[in-house]
Amino acid sequence: MASALLLKLSRQIYDNQNDRESFIEALLNPTVLNPAILWCQDDHPKPFPVLEPLPWQPDFTDRLAPEVRPGKHELHNQGFYYCLDLSSIFAATVLLSIPEKIKTVFDLCASPGGKSIFAWRVFHPEILYANEVIGKRSGALIANLKRCQVNNYQVLNLDVGILARSYEKAGNLVIVDAPCSGQSLLAKKETNDGCFHPLVINRNAQRQRRILANATSIVKPGGYLVYTTCTYSPAENEDNIHWLLKKFPFFSPIEIKSLIPYQSHLTDIPCYRLMPQNQQGAGSFSVLLQRND
């Protein structure tokens, strides 16, 4: 049975009762999700049967059958690919709409490294700064970057306020894969007690705004800012983007043509949601913005 807080969230997201019920069912009785992998090199073996790619799926990623366990294959240990949820691929797909060559990338909340590796795979920047403020999470980040043979990177362990002062207007691309209430964990059959509680949601939303405010300082004029989460709460997603655009009007959102079918119905701003009832992934939110001053 859905909790009162889950019912409340479903009413915030959907007006239609059928949509609410589909959303709640996807969390209370989640289906088995397809694993996915991101190939780190163009030339690679093909050890797994591959499912037909989704319309938005990058060509250097593969969607696999539910029974495949790519993390246990020897090619994983050899760094040929990185395992991640399809929702993470969906969120990072906005990077493919950046037309310019990206020389400097900052990933402000980088561990365990999926978005950093995705950005490196797309742009092969001159320098990738992968930052993780929680020291005990840095080990997994470093291990994944090394295993996947990422080059030209530097791992940082700095508060975003220090980053903003030290690297003002230094980034062609700044990625904020924000810490969040993690509601999509339920769609992966994992537990996450309290993820629908207003105090948890509001605390995360305030932290996300602090990260975003500092992130804007790091973006060069003409550069890009990506904001993603793996949660469903509007307070952590659309509300944060409305706040950012009001506070920093020299940023503007960019429409992603491949993701138009996933346009959030909660705003006219071009930002995109993958919801668990679609059965393409556990769920994520993503938006790409450009600094125009």
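The values are calculated or read from the model by the stated rules, or taken from the named source; none is laboratory data. Just so we're clear, the structure is a prediction, and the values are computed from it rather than from any experiment. Using ideal geometry, Cβ is built from the backbone for each residue, glycine included, and neighbour counts are taken over all protein chains shown.
Considering only region 263-284, how many residues are farther than 22 Å from residue 216 by Cβ and touching a Lys or Arg at 6+ places or on another chain (Cβ under 6 Å)?
Taking region 263-284 first, the residues farther than 22 Å from residue 216 by Cβ are 263, 265-266, 273-283.
So of that shortlist, the ones also touching a Lys or Arg at 6+ places or on another chain (Cβ under 6 Å) come out as 282.
Adding up the residues that qualify gives 1.
Out of all the residues in region 50-63, is one or more among the β-branched types (Val, Ile, Thr) and in contact with a helix residue (DSSP H, G or I) (Cβ under 6 Å, 6 or more places away or on another chain)? Even if it seems obvious, please write down each step before you answer.
At the first step, the residues of region 50-63 found to be among the β-branched types (Val, Ile, Thr) are 50, 61.
Remaining after also requiring in contact with a helix residue (DSSP H, G or I) (Cβ under 6 Å, 6 or more places away or on another chain): 61.
Looking for residues that are among the β-branched types (Val, Ile, Thr) and in contact with a helix residue (DSSP H, G or I) (Cβ under 6 Å, 6 or more places away or on another chain), one finds at least one in region 50-63, hence yes.
Got a sec? Which of 173, 145 is more than 21 Å from residue 82 (Cα to Cα) and of a type outside the set (Phe, Trp, Tyr)? Even if it seems obvious, please write down each step before you answer.
Values: 145 fails: more than 21 Å from residue 82 (Cα to Cα).
Of the residues listed, the single one that is more than 21 Å from residue 82 (Cα to Cα) and of a type outside the set (Phe, Trp, Tyr) is 173.
Could you tell me which residue of region 201-246 is farthest from residue 165 (Cα to Cα), considering only residues that are among the aromatic types (Phe, Trp, Tyr) and within 17 Å of the chain's Cα centre (by Cα)?
Filtering region 201-246 for residues among the aromatic types (Phe, Trp, Tyr) gives 224, 227, 232, 243.
When the remaining residues are screened for being within 17 Å of the chain's Cα centre (by Cα), the result is 224, 227, 232.
Details: 224: 18, 227: 20, 232: 31 Å.
Once the filter is applied, the top-ranked residue is 232.
Could you please find all residues in region 171-204 being out of contact with any strand residue (DSSP E or B) (no Cβ under 6 Å at 6 or more places or on another chain) and under 30 Å from residue 126 (Cβ atoms)?
Residues of region 171-204 out of contact with any strand residue (DSSP E or B) (no Cβ under 6 Å at 6 or more places or on another chain): 179, 181-204.
The answer is 179, and nothing else.
Would you confirm whether or not region 83-91 contains a residue that is of a type in the set (Gly, Ala, Ser), farther than 21 Å from residue 185 by Cβ and either within 18 Å of the chain's Cα centre (by Cα) or part of a loop (DSSP other than H, G, I, E, B) (or both)? Before you say what the answer is, go through the steps one by one.
Of region 83-91, the ones of a type in the set (Gly, Ala, Ser) are 87-88, 91.
Checking the rest, the ones that are also farther than 21 Å from residue 185 by Cβ come to none.
Among the residues of region 83-91, not one is of a type in the set (Gly, Ala, Ser), farther than 21 Å from residue 185 by Cβ and either within 18 Å of the chain's Cα centre (by Cα) or part of a loop (DSSP other than H, G, I, E, B) (or both), which makes the answer no.
Within the bounds of region 196-205, is there any residue that is part of a helix (DSSP H, G or I), within 30 Å of residue 23 (Cα to Cα), among the basic types (Lys, Arg) and in contact (Cβ under 8 Å) with a residue 12 or more places away in the chain? So that I can check it myself, show each step before the final result.
Initially, region 196-205 is screened for residues part of a helix (DSSP H, G or I), giving 198-205.
After this cut, where a residue has to be within 30 Å of residue 23 (Cα to Cα) as well, the list is 198-205.
In the following step, the residues that additionally are among the basic types (Lys, Arg) were identified as 203.
So of that shortlist, the ones also in contact (Cβ under 8 Å) with a residue 12 or more places away in the chain come out as none.
Checked against the condition, which is being part of a helix (DSSP H, G or I), within 30 Å of residue 23 (Cα to Cα), among the basic types (Lys, Arg) and in contact (Cβ under 8 Å) with a residue 12 or more places away in the chain, region 196-205 yields no hits at all.
Could we say that residue 211 is out of contact with any Ser or Thr (no Cβ under 9 Å at 6 or more places or on another chain), among the β-branched types (Val, Ile, Thr) and outside any loop (DSSP other than H, G, I, E, B) here? Before you say what the answer is, go through the steps one by one.
On the way: out of contact with any Ser or Thr (no Cβ under 9 Å at 6 or more places or on another chain): yes; among the β-branched types (Val, Ile, Thr): yes; outside any loop (DSSP other than H, G, I, E, B): yes.
Criteria met by residue 211.
From the list 199, 266, 225, 245, which residue is surrounded by 22 or more Cβ atoms within 10 Å (Cβ to Cβ), at pLDDT 95 or above and out of contact with any Cys (no Cβ under 8 Å at 6 or more places or on another chain)? Write out each step before concluding.
Numbers: 199 fails: surrounded by 22 or more Cβ atoms within 10 Å (Cβ to Cβ); 266 fails: surrounded by 22 or more Cβ atoms within 10 Å (Cβ to Cβ); 245 fails: surrounded by 22 or more Cβ atoms within 10 Å (Cβ to Cβ).
Going through 199, 266, 225, 245 in turn, just one is surrounded by 22 or more Cβ atoms within 10 Å (Cβ to Cβ), at pLDDT 95 or above and out of contact with any Cys (no Cβ under 8 Å at 6 or more places or on another chain): 225.
Given the criterion of a type in the set (D, E, K, R) and within 23 Å of residue 95 (Cβ to Cβ), identify the matching residue among 203, 165, 147.
Numbers: 203 fails: within 23 Å of residue 95 (Cβ to Cβ); 165 fails: within 23 Å of residue 95 (Cβ to Cβ).
On inspection, the qualifying residue turns out to be 147.
In this structure, is residue 85 modelled with pLDDT under 95, touching a helix residue (DSSP H, G or I) at 6+ places or on another chain (Cβ under 8 Å), crowded, with 19+ Cβ neighbours inside 10 Å and among the charged types (D, E, K, R)? Give the steps one after another, and end with the answer.
On the way: modelled with pLDDT under 95: yes; touching a helix residue (DSSP H, G or I) at 6+ places or on another chain (Cβ under 8 Å): yes; crowded, with 19+ Cβ neighbours inside 10 Å: yes; among the charged types (D, E, K, R): yes.
So residue 85 passes the test.
Select from region 92-125 the residues that are in contact with a Gly (Cβ under 6 Å, 6 or more places away or on another chain) and either hydroxyl-bearing (Ser, Thr, Tyr) or outside any strand (DSSP E or B) (or both) and list them in ascending order. First the steps, then the outcome.
Start the filter on region 92-125 by keeping residues that are in contact with a Gly (Cβ under 6 Å, 6 or more places away or on another chain), which leaves 104, 106.
Correct list: 104 only.
Only one of (1) over 19 Å from residue 12 (Cβ atoms); (2) of a type outside the set (Asp, Glu); (3) modelled with pLDDT of 95 or more; (4) surrounded by fewer than 19 Cβ atoms within 10 Å (Cβ to Cβ) is not met by residue 279, so which one is it?
(3)
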